[in-house]
Amino acid sequence: MNYIDCSDDIRSYHDDDVKLSGDTRKKLREHRNANRDRLKDNLKEQKKPLPQRFQKQGSYAMRTTIQHPANDYDIDDGVVFAKADLKGERGGEMTALDARKMVCKALEDDRFSQKPEVLKNCVRVYYNEGHHVDVPVYRGSGAEGEELCELASAEWRESDPAAINQWFDDRVAARKSEQDDDDTQLRRLVRLLKLYSTSRESWNLPNGFILTVLTDESYTVFDAREDRAFYSLISAVRNRLRTNLV
């Protein structure tokens, strides 16, 4: 049986309607950087500890964010403090909740119509355009290259904010083909699967990170036909989930 080649249509749809445009990525990056500057400036003014560094995370860092009609983008940008600097009023260790409250206060801005909010695992900053920036708060200790990070959640708990980014970068590099362009097929398939999973209101499918893991498991080698590559992917994911939901 002969099948119609829809590769060019799928690729055009991806590039025009799925992948973030350069202008959108630039605007989100500018808001993220302004968020960082505001946090540092206000912490300094409030005589609070300054962060050691910031750690970009999530789909924006992995470059798999998809277009959203209401601009409801979720940008994850962690902030890491030195553990020794996070002290309470009496000199004891600052609690995880107090660390999140400190960051939340420093991120406030009169220009926001909705104030930043302390959530269980981060501080959320809402932008009037519709998107938001989630700021997980970490404390780090140990020598450079052997740093132990802990996330301010219900309690301080061990976490590696850079591990997922490194994992995905490694997977992309391992699958990159000479036929691939700068925007690799693995990333394109992740975006397409994420958008496909939201195409029916009645569907309740896994979140973006789980879909990214499933794509990595099920994608094998570069296929010059983008339509066949995507069909093969969703077939493989379906078969995998029929036998194993772990």
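The values are calculated or read from the model by the stated rules, or taken from the named source; none is laboratory data. Keep in mind it's a predicted model, so treat the numbers as computed, not measured. Glycine gets a Cβ as well: all are built from the backbone with ideal geometry, and neighbour counts include every protein chain shown. Surface accessibility is based on the protein's heavy atoms, side chains included, excluding ligands, DNA and RNA. Shrake-Rupley method; radii C 1.70, N 1.55, O 1.52, S 1.80 Å.
Put Lys87, Lys194 in order of accessible area, highest first, and with a 1.4 Å probe you get Lys87, Lys194.
Summing charges over all other residues whose Cβ lies under 12 Å from the Cβ of Arg240, with Lys and Arg as +1 and Asp and Glu as -1, gives 0. Taking each pair of distinct Cα atoms in segment 169-225 once, what is the resulting Kirkwood hydrodynamic radius in Å? Taking the inverse mean of 1/r over all distinct Cα pairs, segment 169-225 comes out at 12.1 Å. Within the chain, what whole-number % of the accessible surface is contributed by carbon and sulfur, with the 1.4 Å probe and all protein chains included in the calculation? For the chain, the apolar C and S fraction of the accessible surface comes to 47 percent.
Does anyone have the angle between helix 226-243 and the longest principal axis of the chain? Alpha-carbon axes, 0 to 90°, nearest 10? Approximately 70 degrees, to the nearest ten. When only the Cβ of Lys, Arg, Asp and Glu is charged (+1, +1, -1, -1), the dipole of segment 103-152 relative to its Cα centre reaches about 280 debye. Every helix of 4 or more DSSP H residues in the chain counts as -39500 (n - 2.57), and over all residues that averages to -13000 deg cm²/dmol at 222 nm. Computing FRET efficiency as 1/(1 + (r/R0)^6) for Asp85 and Asp5, where r is the C-beta to C-beta distance and R0 is 51 Å, gives about 0.30. Taking each residue as 0.36 nm, the span from Leu245 to Asp110 lengthens on full extension beyond its C-alpha to C-alpha distance by 44.0 nm.
Please check: in the Gaussian network model of the chain (C-alpha springs, under 10 Å), which one of Asn33, Asn165, Asn121 has the largest mean-square fluctuation. Result: Asn33 has the largest fluctuation of those listed.
For segment 132-190, the square roots of the Cα gyration tensor eigenvalues, ordered a ≥ b ≥ c, give a/c of at least 1.5 with a/b greater than b/c, which places it in the prolate category. Taking a point 7 Å out from the Cα of Ser21 in the direction of its Cβ, the residues of segment 58-73 whose backbone N falls within less than 17 Å of it are 65-73. Multiplying the residue separation of Gln46 and Gln179 by 0.36 nm and subtracting their alpha-carbon distance yields 42.6 nm. The residues of segment 1-110 expose on average 60 square angstrom of accessible surface per residue, using a 1.4 Å probe on protein heavy atoms. Overall dimensions of segment 23-151, expressed as equivalent-ellipsoid semi-axes from the Cα gyration tensor (√(5λ), whole Å, largest first), are 26, 17, 12. Stretching the chain fully between Asn71 and Leu97 yields a gain of 6.4 nm (0.36 nm per residue, less the alpha carbon separation). The Rg/Rh ratio of the chain, with Rg taken over Cα atoms and Rh as the Kirkwood radius over Cα pairs, comes to 1.03.
Cα gyration tensor of segment 100-246, axes a ≥ b ≥ c as square roots of the eigenvalues: rounded (a/c below 1.5), prolate (a/b > b/c) or oblate? The shape class here is prolate. Ordered by solvent-accessible area of protein heavy atoms (1.4 Å probe), largest first, the residues Ile66, Ile210 come out as Ile210, Ile66.
Entry comment: accessible area of segment 201-241 is 59 Å² per residue, from protein heavy atoms only and a probe of 1.4 Å.
The angle between the Cα long axis of helix 208-218 and the longest principal axis of the Cα atoms of the chain comes to about 40 degrees, rounded to the nearest 10.
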